[in-house]
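The values are calculated or read from the model by the stated rules, or taken from the named source; none is laboratory data. Here the structure is a predicted model, which means the values were calculated and not measured. Cβ: placed from backbone, ideal geometry, glycine included. Neighbour counts: every protein chain shown. Side chains are part of the model used for accessible areas, which takes the heavy atoms of the whole protein and leaves out ligands, DNA and RNA. Shrake-Rupley method; radii C 1.70, N 1.55, O 1.52, S 1.80 Å.
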Protein chains: 2
Amino acid sequence: MESPEDKNNAARIRSARIQNKQSAEQLYAGIRKGSTKELSISITLLESEKAEDQEVAARLIDMCLPHSGHAVRIGISGVPGVGKSSFIESFGTLLTTEGKKISVLAIDPSSHISGGSILGDKTRMNALSQNQNAFIRPTPSSGKLGGVAQKTREAIVLCEAAGYDIILIETVGVGQSEIAVKSMVDFFLLLMLSGAGDELQGIKRGIIEIADALIITKADGANIQPAKLAAATYKNALHLFPPTPNGWIPRVATCSIIDNEGIREIWDMIQSFHNAMQLNGHLDVERKRQSTYWMHEKIKSDLFDHFYQLPKIKSRLSELEKLVESNKLSPTAAAKELLNNFQQS
Amino acid sequence: MESPEDKNNAARIRSARIQNKQSAEQLYAGIRKGSTKELSISITLLESEKAEDQEVAARLIDMCLPHSGHAVRIGISGVPGVGKSSFIESFGTLLTTEGKKISVLAIDPSSHISGGSILGDKTRMNALSQNQNAFIRPTPSSGKLGGVAQKTREAIVLCEAAGYDIILIETVGVGQSEIAVKSMVDFFLLLMLSGAGDELQGIKRGIIEIADALIITKADGANIQPAKLAAATYKNALHLFPPTPNGWIPRVATCSIIDNEGIREIWDMIQSFHNAMQLNGHLDVERKRQSTYWMHEKIKSDLFDHFYQLPKIKSRLSELEKLVESNKLSPTAAAKELLNNFQQS
């Protein structure tokens, strides 16, 4: 079902593609002036699969890089229904009233280029999407998570060069996308519902342990007590985890969008985290680590693509996999055969 | 400091190397008869870096593969001091009294080829090391974890072909090695001390979540109550975790080696797990997944080694890393440059 919003969006993407002919220099000038038009076109370029678009995008990124890095980068995750959009709407609006410019990006492995959460979010973030100081632009997820994540990472650079102070990166609690988001943000927020058990089924193992803070949402009305109880339970459970390398002890808090409770406290918490990490040098260390991490991730994924797409590898791989699965050939022997094939090219 | 045991061990390794000249067929025949002599020599061959040894080992593995897979594979981890060796001694002895043949292998990233835990274990596992139905052979850790883990995985195949019913793979709570062990066993036991807090510092984040069971050790004397309390606390905490894909709910139990309490219950638990997974088909699914996982891991690591060791890549890499860290070049652009270099070979 194509809604009017869908059509607008598709039209926006097409018209952006036509305007791609702008040079990297023109786009850069627009971005540096804070123009959302050039910013949007540039992110579309990033997402394009065309070689000529990628070339312009790569030049643009390198121009913007020296002007990036000043923003606070926050990852936000949680299963569908936890209230991510309401939270971002409320949290983002608070930030803009404090004079901050915010960007909302997203990694949604379930979405498609022409639909998915990009529209849902905009409708659900009514106030924020009309706010002059907010830029909402989920990255459409076409192709593999790794590639999408790389593009989101580059979109952060463009947004920072355009003067945004806080970058929110939204994702859903499905596992791999959290790891990707964790590797590009300073602070990772996990939104959760009270009433542990059924509601948690959607959160993959390992996600709780990477969160810098767990926020129990919808702590209002009859749900205030259950939310407080859940927070206390998680606080106890987190004590059992080993400390994070940067010395931060993950926090647990509750919030209510309806009652407008706890939102400011979350921002205060993130600011105190950010200040502490700037002082102890961990922010810089971590961001450098992230940059080289993404470089090596890109090398890996391109090297694999190159390898696994070679016809002689492709044709032999599924046969070898079957032999390995049925214990007729060892994984090592199978790997060796493929690599010998490769090196004889 | 070289103990008499050290010398014996070094001598054993050397003499095994001299006897390497045995053909894969001879070693295979010995292994199938259950000879620990041929089994030891074969594992030494596996560990050898010499091309000729590796060739024999590869042939041997492929011969043994059809006879592998029947054993229960159990990973055992925990920080130093938790009592891993005592536990394995006691647990392993129980299994042998039930007529089982057991192998103890180890992955210890901190050990060296000529020393490390291999000797410590043998001294600490006095009864077991003299037991006819137990074969103790930690894999010395020379080189990268990935390579060591591959060899341990192949040692499992050899032990199974030699008729061992239960394979125990010991490792220490340092993170990456647990992930590697988890990927080659059916059941992963994490041994822990009561008195949560300081003692946990050595366990890396994420390890608790991959355990199929947490065992609180040293539940004896004045420590019985603290151990029971710790078990109850962990039981509550584990309820907050999402379920494992195979439907197993991780268990928490206490044990005492001194009082000989709780050991049989752990074996009963692992058997009921194993039976359930055989019935629901998850054992087969998981082992196939593990085999192809290790095939692709081997491809990846060999492909990277090949790539990163090329002189033209090596010479440019550290320069590019510096540019990326200082925001002068994007990770994508740096990766692209290296890959272009590579493909022009």
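Considering only residues that are among the aliphatic types (A, V, I, L, M) and more than 7 Å from chain B (Cβ to nearest Cβ), look in the range A:53-70 and name the one that is most open to solvent (accessible area, probe 1.4 Å). Show your work before the answer.
Residues of the range A:53-70 among the aliphatic types (A, V, I, L, M): A:56-58, A:60-61, A:63, A:65.
Of the ones still in play, those that are also more than 7 Å from chain B (Cβ to nearest Cβ) are A:56-57, A:60, A:63.
Values: A:Val56: 30, A:Ala57: 8, A:Leu60: 1, A:Met63: 49 Å².
Ranking the candidates gives A:Met63 first.
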Condition check: in the same structural domain as A:Phe91 (by TED's automatic domain parsing), free of Cβ contacts under 8 Å to residues at least 60 places away in the same chain and among the aliphatic types (A, V, I, L, M). Does A:Ile257 satisfy that? no
Scan the range A:177-190 and report the pairs whose first residue is more than 15 Å from A:Lys84 (Cα to Cα) and whose second residue is surrounded by 23 or more Cβ atoms within 10 Å (Cβ to Cβ) and of a type in the set (D, E, K, R), with Cβ atoms within less than 8 Å and a gap of 6+ or a chain change. A:Met184/A:Arg73; A:Met184/A:Arg153; A:Val185/A:Arg73; A:Asp186/A:Arg73; A:Phe187/A:Arg73
Condition set open to solvent by 30 Å² or more (accessible area, probe 1.4 Å) and at pLDDT 90 or above, scope the range B:3-34, selection farthest from A:Leu329 (Cα to Cα): answer is B:Lys33
Conditions first: (1) of a type in the set (A, V, I, L, M); (2) assigned to a loop (DSSP other than H, G, I, E, B); (3) modelled with pLDDT of 85 or more. A:Val181 passes all but one, so which condition is the exception? (2)
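What are the residues in the range A:231-255 that are touching a His at 6+ places or on another chain (Cβ under 7 Å) and assigned to a helix (DSSP H, G or I), if any?
Of the range A:231-255, the ones touching a His at 6+ places or on another chain (Cβ under 7 Å) are A:246.
If the condition is that a residue be touching a His at 6+ places or on another chain (Cβ under 7 Å) and assigned to a helix (DSSP H, G or I), then no residue fits.
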B:Ile258 - would you say it is assigned to a loop (DSSP other than H, G, I, E, B) and hydrophobic (A, V, I, L, M, F, W, C)? yes
Determine if the range A:276-285 includes at least one residue that is open to solvent by 20 Å² or more (accessible area, probe 1.4 Å) and either under 23 Å from B:Leu303 (Cα atoms) or within 11 Å of chain B (Cβ to nearest Cβ) (or both). yes
In the range A:194-225, what residues are under 22 Å from the mean Cα position of the chain (by Cα), at pLDDT 75 or above and not in a helix (DSSP H, G or I)? A:Ala211, A:Asp212, A:Ala213, A:Leu214, A:Ile215, A:Ile216, A:Thr217
B:Lys228 part of a helix (DSSP H, G or I), of a type in the set (Lys, Arg), under 17 Å from A:Ile208 (Cα atoms) and open to solvent by 10 Å² or more (accessible area, probe 1.4 Å): no
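When you go through A:Ser291, A:Ser272 one by one, which is the residue that is open to solvent by less than 70 Å² (accessible area, probe 1.4 Å), within 11 Å of chain B (Cβ to nearest Cβ) and not basic (Lys, Arg)? I'd like the intermediate steps shown before the answer.
Working: A:Ser272 fails: within 11 Å of chain B (Cβ to nearest Cβ).
Answer to the check: A:Ser291.
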Open to solvent by less than 10 Å² (accessible area, probe 1.4 Å), touching a residue at least 40 places away in the same chain (Cβ under 8 Å) and within 14 Å of chain B (Cβ to nearest Cβ): which single residue out of A:Ile207, A:Ile266 fits that description? A:Ile207
Cross-chain or 6+ apart pairs with Cβ under 6 Å, the range B:228-239 first and within 11 Å of chain A (Cβ to nearest Cβ), then open to solvent by less than 50 Å² (accessible area, probe 1.4 Å) and among the polar types (S, T, N, Q): B:Ala230/B:Ser194
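Of all residues being of a type in the set (S, T, N, Q) and open to solvent by 40 Å² or more (accessible area, probe 1.4 Å) in the range A:302-330, which is nearest to the other protein chains (Cβ to nearest Cβ)? Just the residue, please.
Here is the first cut: in the range A:302-330, the ones of a type in the set (S, T, N, Q) are A:309, A:315, A:318, A:326-327, A:330.
Now restrict to residues that are open to solvent by 40 Å² or more (accessible area, probe 1.4 Å): A:309, A:315, A:318, A:326-327.
Details: A:Gln309: 13, A:Ser315: 16, A:Ser318: 11, A:Ser326: 8, A:Asn327: 5 Å.
So the residue we want is A:Asn327.
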Answer from B:Thr152, B:Thr139 - the residue that is farther than 30 Å from B:Asn236 by Cα and modelled with pLDDT under 70: B:Thr139
